[in-house]
1. Is there a residue being open to solvent by 40 Å² or more (accessible area, probe 1.4 Å), of a type in the set (Asp, Glu) and out of contact with any Asp or Glu (no Cβ under 8 Å at 6 or more places or on another chain) anywhere in segment 437-450?
2. Whether any residue in segment 189-204 is surrounded by 16 or more Cβ atoms within 10 Å (Cβ to Cβ), of a type in the set (Ser, Thr, Tyr) and modelled with pLDDT under 80 is what I want to check.
3. Can you find a residue that is touching a helix residue (DSSP H, G or I) at 6+ places or on another chain (Cβ under 6 Å) and more than 17 Å from residue 187 (Cβ to Cβ) anywhere in segment 115-131?
4. Out of (1) surrounded by fewer than 18 Cβ atoms within 10 Å (Cβ to Cβ); (2) under 18 Å from the mean Cα position of the chain (by Cα), what's the single condition that is false for residue 351?
5. Select, from 59, 108, the only residue that is polar (S, T, N, Q) and either modelled with pLDDT under 80 or assigned to a loop (DSSP other than H, G, I, E, B) (or both).
6. Is it the case that segment 70-93 has a residue that's open to solvent by 30 Å² or more (accessible area, probe 1.4 Å), at pLDDT 75 or above and part of a loop (DSSP other than H, G, I, E, B)?
7. Within the set of pairs 6 or more residues apart or between chains, which connect a residue that is within 17 Å of residue 363 (Cβ to Cβ) and modelled with pLDDT of 80 or more inside segment 313-335 to a residue that is of a type in the set (Gly, Ala, Ser) and open to solvent by 20 Å² or more (accessible area, probe 1.4 Å) with Cβ atoms less than 8 Å apart?
8. I need a count of the residues in segment 152-169 that are surrounded by fewer than 24 Cβ atoms within 10 Å (Cβ to Cβ) and charged (D, E, K, R).
Amino acid sequence: MKWPTLWMKSNKNDFSYGIDSTIAQILALTTSYLFSMKIGIDMMTPTIIIGAITDKESNTSYNPLSHISEEQTSWIGSLIYLFPPVGSVVVSFVQDRFGHRACMMVANVTHLLSVATLMLSDGAAGLYASSALMGFNVGFVTSFSLSYCGEVCEPKLRGTLTAVLNLFYFAGYLCVTMLYAVTADWRLSVLFTAILSVVNAAILFKTPDSPMWLMSRGRTDEAKSTFNKLRGGVGEDKCAVEYRDMVHYTSEINLPTDGEKKKMSSIKDSLYRFIEPETLKPLQLLMIMIFFTNLLSGIPYIPYLISVFDKFQVSFHPAWATTMYMAFGVAGNVLTICSINKLGKRFLALCTMATCSVCYLSIGIVGNVLPSSPVTSWIKIVLFFMSTFFSSMGIMPIVWILMCEIFPMKSKNVGAGLSSATYFILSFLMTKFYLDLEMFTGFYNTFVLFGSIGLIGLVYLHFQLPETENKTLNEISEHFKCKNTKADVQAGLA
């Protein structure tokens, strides 16, 4: 199937079911949104723990974490990035068999377990365990939340409603940092966040399984009923086109009957799935895009934001600058939700990547060339805030939206799991070795380096990134399919 219009915004599939359909989809996604907020809380929790360890301005004379060394502190902060790939790989295989709803139930339990572990921890070993468990939760939840959003949303709303995930993620950042600022007690702050898991468990009773997953398991009548509810009960005639497309999309998974014999082993079949163009090409695109996105969205700097703002010589407390940095991220996400359907993902991704690259290059040039002064300090701060605003508006949320869109049904869960695992592995490496890079190149030269690499990424995405907004999942899958690689390989091996 040729798709010559994929590189531009198109309204060919103008599926519109009305406000009842939108409300039904938002209600179904409520659990995913709360899980995304919990991810943001988990990712920020090591930061407030490290803040408590290194707090030299505490009003209390006794700090129970003061015995923890700098080396132990670095592991507490980095383990949160190391273990998400484990959760991503586990969920990619589990959700195919048990469905998204069952995975959500497990995630609630593990979230509460991570909170309990933190409450009982007063030494490095317990904090290691809790950081690792939170990292596992992050990877586990991220994968099924993305695939669930992609499968329950209509094409016209999929980009917008999936972008809300990133908004709740940043809301989790702000939530736990504000709680810590108010209570000055990291244990109490984390304990309050457990309310999310309790609320989510209650809402889960009304959360349906994905109709695509139900269809893939042969539960056709249940899938049809769930699909109709998610479209606001508009009737079969109005959503017949999208439903037929969903049936065709899920038909790629062939469940063997009792009388059938598998011609190939499951291991070989899985291998063939990943060398098919419709799986291999999206996976390659996402992995490369994740690398560029991580550099330009400030991932290497996040654990060291206080130090970054100190080097910018801000005229107010760096902690407030960090809060403002997160607030600009939230503002960017709000703008994404409002604009993605009108502007399209490709346009947003290219424009914001270009803007972030220019901001980083400008910070590096100003820092290296111009003398230090209050004016140059504000210029660097504004450019840094602009970079997080635009990355949160475009490249960062779009990467996560693409994870739930561009893989075919038969490899969607594993593909999304591997992609999210790539994100966290790269994040771990970038944060763990950033200080070494800064020592080798100099602080402002890291901005020049990241900005230059971002321009290379811009050229790559210009030629490789298609427009997926308002496209059905089947159309997106067909775009990446150029020939039947599996058949060719099988013929070659015969």
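1. no
2. no
3. no
4. (2)
5. Checking each option against the conditions leaves just 59.
6. Yes: one or more hits.
7. Taking only residues 6 or more apart or on different chains, the pairs are 313/372.
8. 2
The values are calculated or read from the model by the stated rules, or taken from the named source; none is laboratory data. All values reported here derive from a predicted model rather than from experimental measurement. Quick reminder, even Gly has a Cβ in these numbers, built from the backbone with ideal geometry, and neighbours come from all protein chains shown. Please note that ligands, DNA and RNA were not included when accessible areas were found on the heavy atoms of the full protein model with its side chains. Shrake-Rupley method; radii C 1.70, N 1.55, O 1.52, S 1.80 Å.
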